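Step one of this worksheet: look at the structure below.
The values are calculated or read from the model by the stated rules, or taken from the named source; none is laboratory data. Values in this document were obtained by computation on a predicted structure and should not be read as measured data. No Cβ is skipped: glycine too gets one built from the backbone with ideal geometry, and neighbour counts run over all protein chains shown.
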Amino acid sequence: MFGFEKRKGAFLGDKRCSCFRQRNQKIEQKVQECQPITDVISFKFGSSPLAGDIYIARQRSKKQAKQAGHSWEKELAYLVIHGTLHLLDYEDYSARGRREMFSKQDKIFQCLFS
């Protein structure tokens, strides 16, 4: 359906990722650029609003769920919302962008879990 096929544990297709190793290097580079350490990273593909990948740090997200006092599943949902907003061009690099993005993120989360 999406032009993807599974090969040796990696999803490849649509000329977006020629091999898993290259994608992994891009992830590592983007993680190194994030200060402080990030819990979610989004990679946008082309001009389609939701075409992209969202990567979530498993251990960090589990720790955050415990600190927030909710389930890991809820934390994952929160991080997926965050990553999706990045794919929709919301940013959290400036104070204004952070306020706007987290306000939208919290509203979506409340709609799903209230």
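Numbers at a glance
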| quantity | calculated |
| --- | --- |
| Search result, residues across the range 46-70 that are out of contact with any helix residue (DSSP H, G or I) (no Cβ under 8 Å at 6 or more places or on another chain), surrounded by fewer than 14 Cβ atoms within 10 Å (Cβ to Cβ) and not in a helix (DSSP H, G or I) | GLY46, SER47, SER48, GLY69 |
| Subset tally (residues that are surrounded by 12 or more Cβ atoms within 10 Å (Cβ to Cβ) and within 15 Å of the chain's Cα centre (by Cα)) for the range 73-108 | 21 |
| Among residues of the range 47-95, those that are more than 20 Å from LEU112 (Cα to Cα) and aliphatic (A, V, I, L, M), counted | 3 |
| All positions within the range 71-100 that are in contact with a helix residue (DSSP H, G or I) (Cβ under 9 Å, 6 or more places away or on another chain) and in contact (Cβ under 8 Å) with a residue 40 or more places away in the chain | LEU79, HIS82, THR84, HIS86 |
| Any pair with Cβ under 9 angstrom, 6 or more apart, that starts in the range 37-64 at a residue that is without any contact (Cβ under 8 Å) to a residue 24 or more places away in the chain and ends at one that is surrounded by fewer than 11 Cβ atoms within 10 Å (Cβ to Cβ) and among the hydrophobic types (A, V, I, L, M, F, W, C) | ALA57/ILE37; ARG60/ILE37 |
| Unique residue being touching a Leu at 6+ places or on another chain (Cβ under 6 Å) and modelled with pLDDT of 90 or more when the list is LEU50, LEU87, LEU112 | LEU87 |
